[in-house]
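Student: My questions all concern the structure below.
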Amino acid sequence: METVKQPTQSLVEKDLQNVWHHISAYNEKSQPMIVDRGEGAWIIDHNGNKYLDGMSGLWAVNVGYGREELAQVAYDQMKKLAYVPMTQSHEPAIELAAKLNDMLGGDYMFFYSNSGSDANEVAFKIARQYHQQNGEGARFKFISRYRAYHGSSMGALSATGQAIRKYKYEPLSHGFLHVAPPDNYRRPKGQSIKEYNLQRAQELEDKIIWEQKETIAGIIMEPLITGGGILIPHPVYLEKVQEICNKHGVLLIIDEVICGFGRTGKAFGHQHFNLKPDIITMAKGLTSAYLPLSVTAVRKEIYEKFNTGEENSHLRHLNTFGGNPAACAVALKNIEIMERENLFERSAELGDRLQKELKELSNHPYVGDIRGLGFLLGIEMVEDKITMEPASNERVLKIVSDCKGNGLIIGKNGDTVAGYNNILTISPPLSCTDEDLEFMIAVLKKVFKENE
Ligand code: PMP
């Protein structure tokens, strides 16, 4: 720990009087952490306390903090040309789209926006308009999964499957339906994981049929549910979903907002499976959150329906800031860093090591399940290993808070309404050093030991 600076109480007071925080509520007793700077995988608060950021902010800072190269490209680009609306074009946007196409095996066109929510909104609008212009105007509904998070704007929130985030803002957008995701840990006793995943996929197909398949525009899912509690499907699930989409003319939209850019140990999460998504949305790790940028990647075959030359067939969607030149330049450099430092492979390696080291926690009385893919880990806490009753909020929060007390930030995720808000999440920068990993493991082991 560094020496404590002069307490800047006035900054906390100013914050409490002026800043409306996301999701959190603070008061005199519970105060926000004011972060002063970041170095590698670490953040340092205004009192000089250092924390390993085991959540990469909001699952986003994949290359870690303090990358001068990223600051430099943003500076250079802003000086040269700060802004171009994407009704026109510019070199960083062109180069970035070409680079993303290389990473995806070609065949996509890229629409720029500012956030993951934006990227999903664009996906929904493209899907609906595509079907209209393809002679199937009745296709307007989307199916997503309970427990999934797809964003905060009205459409993206409608696709989100966590009722606690939605019910005070309803009515939301019309035509968003949900099915249950595979939650392998909680599958019926005696059923194999494969069988169970196939059954969940069959429920999705039943939904499409019962809703009248000619009304279904698209299915949106993450390769694995992240914010809803790290629910990793068996490969047969997503491959069956792809088959169902093809069979019923439904577009497959894959939300790579968290899973993209190495988080799961490959460039994109869907690359673990045999999938060819029609639309892919990305944000967060695209720039490692150094600047806001998101992308909706759309198969060229779909794009062609918007580029027919017919009047009013183009996409009636624009946003002022999407494709900002500095943000695109940062994204390109960010991807270059990831490739140069082999961070996708490193993510897989660090994740494997973390899971192996934490295996012993399976014997902990309150640990029900440990699961992960790449440098993305979930620890599901229970009150009782036999009944699998979810651990109380207090018990889970105590682990989060004790980790923080020992200099490690981890997350708590799941779905309150589903009754599962009991999953600890760990999603650190992919650039963690071996020492960072060892620190993380040591803190987790210590904290769990103290909470037996
Ligand atoms: N999709 C997923 C899977 C996400 O996790 C998030 C954000 N956590 C979003 C979409 C929305 O992204 P944003 O917060 O940038 O709007």
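What follows is calculated from the coordinates using simple rules that are stated; it is not laboratory data. Because the structure is predicted, anything quoted here is derived from the model rather than measured. Reconstructed Cβ throughout: ideal geometry from the backbone, glycine too, with neighbour counts over all protein chains shown.
Student: Name the long-range amide H neighbours of residue 42: under 5 Å, sequence gap of 5 or more, or other chain; modelled H, no Pro or chain starts.
Tutor: 53, 65
Student: Would you work out which of 348, 212, 177 lies farthest towards the positive end of the dipole of the chain? Charges go on Cβ: Lys and Arg +1, Asp and Glu -1.
Tutor: So the residue we want is 212.
Student: Right, next: Straight-line reach only, C-alpha to C-alpha below 19 angstrom: list the aspartates and glutamates that residue 80 could link to, leaving out same-chain residues fewer than 8 apart.
Tutor: 68, 69, 91, 95
Student: Which one of 83, 443, 272 is farthest out on the positive end of the charge dipole of the chain, using unit charges on Cβ (Lys, Arg +1; Asp, Glu -1) and the Cα centre as origin?
Tutor: 272
Student: Provide 239, 301 in ascending order of the number of other Cβ atoms located within 10 Å of each residue's Cβ, fewest first.
Tutor: 301, 239
Student: Given the pairs 125/213; 266/300; 240/404, which are separated by over 30 angstrom at their Cα positions?
Tutor: Exceeds cut-off: 240/404.
Student: Additional query: Going Cα to Cα from residue 276, which aspartates and glutamates come in below 12 Å? Please leave out same-chain ones fewer than 8 positions away.
Tutor: 107, 239, 243
Student: Please figure out what share of the DSSP beta bridges in the chain is antiparallel and state it in percent, rounded to the nearest 5.
Tutor: Taking every DSSP beta bridge within the chain, about 65 percent pair in antiparallel fashion.
Student: Among 344, 306, what is the fewest-to-most ranking by other Cβ atoms within 10 Å?
Tutor: Lowest to highest Cβ neighbour count: 306, 344.
Student: Here's another thing I want to ask about it. Treating the beta-carbon of each Lys and Arg as +1 and of each Asp and Glu as -1, no other charges, what is the dipole magnitude of the stretch 61-188 about its Cα centre, to the nearest 20 debye?
Tutor: 760 debye
Student: Once both labels are modelled 7 Å past Cα along the beta-carbon direction, what's the residue 397-residue 78 spacing in nm?
Tutor: Result for the modelled spin labels: 3.8 nm.
Student: Right, here's the next one. Any idea what the dipole of the chain comes to, in debye rounded to 20, about its Cα centre with Lys/Arg Cβ at +1 and Asp/Glu Cβ at -1?
Tutor: It works out to roughly 680 debye.
Student: Related question: Placing unit charges on C-beta atoms (Lys and Arg positive, Asp and Glu negative, everything else neutral), compute the dipole magnitude of the stretch 187-250 about its Cα centre in debye, rounded to 20.
Tutor: Charge dipole, the stretch 187-250, about its Cα centre: 240 debye, nearest 20.
Student: Which FRET efficiency value, to the nearest 0.05, is calculated for residue 434 and residue 36 with the Förster distance at 22 angstrom and r the Cβ-Cβ distance?
Tutor: So, using R0 = 22 Å, E works out to roughly 0.25.
Student: Then there is this: Loop only per DSSP, at most 14 neighbouring Cβ atoms within 10 Å: give me the chymotrypsin sites (Phe, Trp or Tyr not before Pro) in the stretch 52-111, ordered by residue number.
Tutor: Those satisfying the criteria are 83.
Student: Oh, and also: Using +1 at the C-beta of Lys and Arg and -1 at the C-beta of Asp and Glu, which of 248, 227, 153 has the Cα lying farthest in the positive direction of the dipole of the stretch 68-340?
Tutor: Farthest along the dipole direction, towards plus: 227.
Student: Here's something else I'd like to know. In the stretch 276-342, what trypsin sites (Lys or Arg not before Pro) fall in a loop by DSSP, with at most 12 other Cβ atoms inside 10 Å?
Tutor: Qualifying residues, ordered by number: 316.
Student: Residue 441 versus residue 389, label points 7 Å from Cα toward the beta carbon: distance in nm?
Tutor: 3.4 nm
Student: Right, something else. Multiply the residue gap between residue 416 and residue 195 by 0.36 nm, knock off their C-alpha separation, and tell me the result in nm, one decimal place.
Tutor: Length gained between residue 416 and residue 195: 76.8 nm.
Student: Can you list the residues, at least 5 places off or on another chain, whose amide H is less than 5 Å from the amide H of residue 178, using H built in the peptide plane?
Tutor: Answer set, sorted by chain and number: 144.
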